[in-house]
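Asks: This structure is in structure tokens; I'll ask about it shortly.
The values are calculated or read from the model by the stated rules, or taken from the named source; none is laboratory data. Since the model is a prediction, treat every value here as computed from it, not as a measurement. Using ideal geometry, Cβ is built from the backbone for each residue, glycine included, and neighbour counts are taken over all protein chains shown.
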Amino acid sequence: MHLLKDLFVAAAVLTPSLSFAHEGQHPGSLISGFGHVLTEPDHLAMVAGLAALIGGAVMLRRAISKRKKAVTKQAARTQE
């Protein structure tokens, strides 16, 4: 597994020009970079997908935490 990770890192370092998602100008400033991400449909879809993934992970973590608290509370009641 470690070898596979090293191969991916080497490929990324040796071929940086292939990392662009599409051809065209990629501005250098931070504000224009955000503008580019928020105005291009393919980038917007990626941002929306990432937001949905993070939101789902947060909701799942909260549900698991809530369930653990309920189980712990129930176990404390039965020991009394």
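Asks: Assess whether residue 21 counts as being hydrophobic (A, V, I, L, M, F, W, C), modelled with pLDDT of 90 or more and surrounded by 10 or more Cβ atoms within 10 Å (Cβ to Cβ). Talk me through it step by step, then tell me what you get.
Replies: Values: hydrophobic (A, V, I, L, M, F, W, C): yes; modelled with pLDDT of 90 or more: no; surrounded by 10 or more Cβ atoms within 10 Å (Cβ to Cβ): yes.
Against the criterion (hydrophobic (A, V, I, L, M, F, W, C), modelled with pLDDT of 90 or more and surrounded by 10 or more Cβ atoms within 10 Å (Cβ to Cβ)), residue 21 does not qualify.
Asks: Do the conditions hold for residue 71, that is, is it at pLDDT 85 or above, in a helix (DSSP H, G or I) and β-branched (Val, Ile, Thr)?
Replies: Values: at pLDDT 85 or above: yes; in a helix (DSSP H, G or I): yes; β-branched (Val, Ile, Thr): yes.
Yes, satisfied.
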